[in-house]
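The values are calculated or read from the model by the stated rules, or taken from the named source; none is laboratory data. Keep in mind the model is a prediction, meaning the values are calculated, not measured. Here the Cβ positions follow ideal geometry from the backbone for every residue, glycine too, while neighbour counts run over all protein chains shown. Note: areas computed on protein heavy atoms with side chains; ligands, DNA, RNA excluded. Shrake-Rupley method; radii C 1.70, N 1.55, O 1.52, S 1.80 Å.
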Amino acid sequence: MSRSNSSLIMIFRPALVAAIIALVVGLISSPRLSTAQISNASASLNGTVTDTTGAVVPKAAVTLTNVLTGISQTLPTNDAGRYVFLDIPPGSYSLRVSKEGFATTRQSQFALVVNQTATFDFVLSIGSTTQTVNVESAGVHVENSTAELGSVIQSQEVNDLPLNGRNFTELLTLSPGVSPISSDQNSSGWPAQPIGSFTFPSVNGQTNRSNMFLLDGINNNASFTSTYAVQPILDDVQEFKVQSHNDEAQFGGVLGGIINVVTKAGTNQFHGDAWEFLRNDALDTRNFFFASRVPLKQNQFGGTIGGPVILPGHNGRDKTFFFASYEGFRNHTAAQRLYVVPTPAELNGDLSTVGSPIYNPFSTRPDPSNPGQFIRDPFPNNQIPAQFLNQGMVHYAKTLFPAPVNTGFAGFNGIDNTPSIIRQDEASLRFDGNLGGRDRLYVRYTGVSQPSSGSGGFAGLSSNVYFHSYNLAANWTHTFGGSAVLQVTFGRNSMQYNALNRFKSVSAAQLDQQVGFNSDFVSNFIFPGLTLIPQMSIPGYLGGGEFINDLHASDVYEYKADFSKVHGRHTLQMGADLATNRFQNPVVCLCSTTFCSFQTSNLETSVGGNALASFLLGLPSSSFRGNENIVDSAGWVDGFYFQDQWHPASRLTLNLGLRYDLNPAHSQRRDGVSVA
């Protein structure tokens, strides 16, 4: 057996959709072509069968068998001695080649991984089909049919390498060209709510917001942030590939890397596992800034089971399979945050401990010595007289801000010990079916729910987040008489992030009335009857306020169809991918006010001033109110492609492709009105 070891790659991507349609019509009517098709979460296998003289052997039977499920597929070689298997689920396989007048040749077990294009050429010797030549080792495979760049992280690495929080993205950095990077907009993983350590990296120098996450070939991206929408359960991952460059026209829509995760499917044997990871504060050291250890109780547990579907009257071995998994995560800890809170003396106007002078903004007047300039008088000893204090702001602070305490650390007089609780539950269920010799079907649902509660910034202000996302995939593959294959796929990707900050045991309507906030600022939101306590931002001091955020970060429906045939030395593929692209973010119910030192500073020298003094005087530098239902949408993101993988000679491969990606101009609607 031999392999070719060189390839010439050519890619063309002009907008020639009409040519693709014409080719589809022509190929469907052609009777001579002989095999399958390709999927974004599959592998392919090709090769040439010759005799000992080098002459091609047509109509040899090539049988590919999945050693774990027992499912086999047989294809004849065409007039050029070529065979091609496409849309092969990643797994362990064996090959057998037979032809009357030749000895049967078998290739022992080998692995096919996601997005791999493997080549196995066979040389048949004269003999009887009852004679068998066994090839025991496949050697190291060289990707010689494509010029793609990427690496596969398989099940052993996924399961064996230690991962804090069991997050698979930590393994991405094992791939060449992948660099950890922190971008302000997704360094925290928002809005994906990842568990444990994670990374959303740069691939081959592109920004880390230029990547695409796929789950079984289905869009698993958080729109606009390039995080994943659903974090797959680690024991549910068969393998994944970081694809940093691909010359195939079927891939498009991304400048960075494609992270393609393949989930496990059931086999003919029942298999399962269970796990429990426990962490607590028993062996933790004390944080240097706190008198006692931060409380911690964390459990991560779950299990998987898979096998054939066995029901009364139905034995699913070699036919139908299932794989189910569940993981739970519980984390109980405390905020343990230090901050500065105004003292009672400061709230009464005594800012004598402030090092810089504080000026009276109400004494502002033109400077007679400097036309065009203005001067102010400083408050003696930084004492603000009671008549200048804004009693509404004082009441706000005395009602909401916690009392100062002795923290034992200079510069801090407040500590937040609010309990922080995270509960996550994730489940996945997959069914695979071999419906006769011509139809294959799989359906998978993966969903995660994560409510969490904690501090909104200081004691008394609670933060509650409800996160829910799911990824749904359904795929049907049909073979037309063994000569052509059609694959139809549906995918659904949804990620919801709901956040609510509220003060405990404080009536927003009553406090707002006492403080004197305008009702058009703190109420009259999209939600009828809702009133909020606004956030007061005072640099150098604690801050926080109430808000509601209802974010639909991914709202994707995906429809895909792919068609493939082999004709002589040509492997022809074509298809379309139609997907919605919506990001719905009602910035509902948010109001905030910021104070700065400028309002109480020396206008001529820009020195002095204090943000707390500006707050006590009721002189904000800016205010913000959000009350809009915002929908960012690019409508449909559509892609069409045609590809020809041509083998004009045994040591030469040309990949020719046309691709057209249609991404309409970004649009935005605010409260139902289009603004962009």
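Show which aspartates and glutamates lie in cross-link reach of Lys241 when reach means a straight Cα distance below 15 angstrom and same-chain residues fewer than eight apart are skipped.
Candidates past the 8-residue exclusion: Glu143, Glu148, Glu157, Glu170, Asp216.
Let me test this: with uniform point scatterers at the alpha carbons of the range 310-355, what is the Debye-based log₁₀ I(q)/I(0) at q = 0.30 1/Å?
Summing over Cα pairs of the range 310-355 leads to -1.12.
How high is the FRET efficiency from Ala111 to Asp79, r the C-beta distance, R0 35 Å, rounded to 0.05?
In this case the efficiency is close to 0.70.
May I ask you to give the solvent-accessible area per residue for the range 411-569, in square angstrom, as obtained with a 1.4 angstrom probe?
39
Would you kindly compute the Cα radius of gyration of the range 152-275 and its largest Cα-Cα separation (Dmax), both in Å?
So, for the range 152-275, Rg and Dmax equal 14.3, 47 Å respectively.
Whenever you get a sec, compute what percent of the accessible area on the chain sits on carbon and sulfur atoms (1.4 Å probe).
Carbon and sulfur atoms account for 57 percent of the accessible area of the chain.
Considering only protein heavy atoms, what per residue accessible area in square angstrom results for the range 252-361 with a 1.4 angstrom probe?
Per-residue accessible area for the range 252-361 comes out at 51 Å².
So what does the Cα-only Debye profile of the range 510-552 read at q = 0.16 Å⁻¹, as log10 I(q)/I(0), no solvent term?
Those come out to -0.51, one per q.
Computed from these coordinates, which is Cα Rg over 2.2 N^0.38 Å: (i) 0.98; (ii) 1.31; (iii) 1.24?
This structure yields the entry labelled (iii).
Trp275 accessible area, nearest 10 Å², 1.4 Å probe?
About 30 Å², rounded to the nearest 10.
Give the accessible area for Glu426 in Å² (nearest 10); use a 1.4 Å probe, count only protein heavy atoms, and leave out ligands, DNA and RNA.
10
Measuring from label point to label point, each 7 Å out along Cα→Cβ, what is the Asp284 to Ala509 span in nm?
My value for the distance between the label points is 4.1 nm.
Compute the signed sum of charges (Lys and Arg +1, Asp and Glu -1) over the other residues within less than 13 Å, Cβ to Cβ, of Ala499.
-1
Identify all lysines with a Cα-Cα distance to Lys504 below 27 Å; exclude those on the same chain that are fewer than 8 residues away in sequence.
By straight Cα distance, Lys504 reaches Lys297, Lys398.
Lys99: which lysines have alpha carbons under 28 Å from its alpha carbon, excluding same-chain residues fewer than 8 sequence positions away?
Here the lysines satisfying the reach criterion relative to Lys99 are Lys59, Lys319, Lys565.
Could you sort Arg502, Arg337 by their accessible area in this structure, using a 1.4 Å probe and putting the largest first?
The ranking, largest first, comes out as Arg337, Arg502.
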